[in-house]
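Comments concern the structure below.
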Amino acid sequence: MPGTVYDQHAEWYTDVVQRRGLLHLQIIPRIMAFIGDIADQSVIDICCGEGIFTRELAAHGARATGVDLSKRMLGFAESQNTGTPVTYVHDDARVLSRLPDSDFDGAICVMALMDIDDISGVFRAASRVTRHSGWFVVVVTHPCFDISPRCHRGH
Ligand SMILES: C[S@@+](CC[C@H](N)C(=O)[O-])C[C@H]1O[C@@H](n2cnc3c(N)ncnc32)[C@H](O)[C@@H]1O
């Protein structure tokens, strides 16, 4: 299974996330408020990266599974022990071939669809692995909107 471009940038991206950039500071409370009570739900974090949202789902009581196609990103995810058990799976979001049908109550995919060519495949796969009437929350932005403070000062 091939990786993603994030295999080359895993260290940098993990550092960006762990410094809790503005983007993640904005997204985390909003997405958790939006999905509501997930205690005891089984939730998949599609394109989990270094696992910031997988850990957040687990901290809110979900049985959380993170999936990513980059083994290096998963390595950073697995190295972060939060005390709450989470599962990580190396798989392609466009098919999720390692995951069974209807296994999850809900799914999230944060800051990743803009990197993926076959978006329909991701929606099909997310629909297949979530139960009937399950939910799927997607957060996307374009990097051009992740503006550094220097840009605000007109430099
Ligand atoms: C910008 S990162 C976002 C990671 C995490 N969701 C976050 O918000 O920090 C995008 C992630 O998508 C993963 N990715 C890209 N294409 C993928 C695919 N086809 N299947 C699974 N993961 C993929 C990359 O490896 C990377 O970890």
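The values are calculated or read from the model by the stated rules, or taken from the named source; none is laboratory data. Remember, predicted model here, so these are calculated numbers, not experimental data. Every residue, glycine as well, gets a Cβ built from its backbone with ideal geometry; the counts of neighbours run over all protein chains shown. SASA here: full protein model, heavy atoms, side chains in, ligands and nucleic acids out. Shrake-Rupley method; radii C 1.70, N 1.55, O 1.52, S 1.80 Å.
Would the range 61-73 turn up any residue that is near the ligand (Cβ under 7 Å from one of its atoms), in contact with a helix residue (DSSP H, G or I) (Cβ under 9 Å, 6 or more places away or on another chain), polar (S, T, N, Q) and under 25 Å from Trp12 (Cα atoms)? Taking every residue of the range 61-73 in turn, at least one turns out to be near the ligand (Cβ under 7 Å from one of its atoms), in contact with a helix residue (DSSP H, G or I) (Cβ under 9 Å, 6 or more places away or on another chain), polar (S, T, N, Q) and under 25 Å from Trp12 (Cα atoms). Evaluation of Glu50 against the conditions (1) within 18 Å of Ser79 (Cβ to Cβ); (2) of a type in the set (D, E, K, R); (3) open to solvent by 40 Å² or more (accessible area, probe 1.4 Å) shows that the sole unmet condition is (3). The residue of the range 23-49 that is nearest to Ala112 (Cα to Cα), among those that are near the ligand (Cβ under 8 Å from one of its atoms) and modelled with pLDDT of 95 or more, is Cys47.
Against the list (1) within 22 Å of Leu25 (Cβ to Cβ); (2) under 16 Å from the mean Cα position of the chain (by Cα), the condition Thr84 fails is (2). In the set Arg20, Arg55, only one residue is at pLDDT below 90 and under 14 Å from Gln80 (Cβ atoms); that residue is Arg20.
Looking only at the range 21-51, count how many residues are under 17 Å from Thr141 (Cα atoms) and in a loop (DSSP other than H, G, I, E, B). Looking only at that region, the number is 4.
Against the numbered list (1) of a type outside the set (Ser, Thr, Tyr); (2) within 25 Å of Tyr13 (Cα to Cα); (3) touching a residue at least 40 places away in the same chain (Cβ under 8 Å), Gly106 comes up short only at (2). If the condition is being modelled with pLDDT of 95 or more and either exposed (fewer than 15 other Cβ atoms within 10 Å of the Cβ) or of a type in the set (Phe, Trp, Tyr) (or both), then the range 96-118 contributes Ser97, Arg98, Pro100, Asp101, Ser102, Phe104, Asp118.
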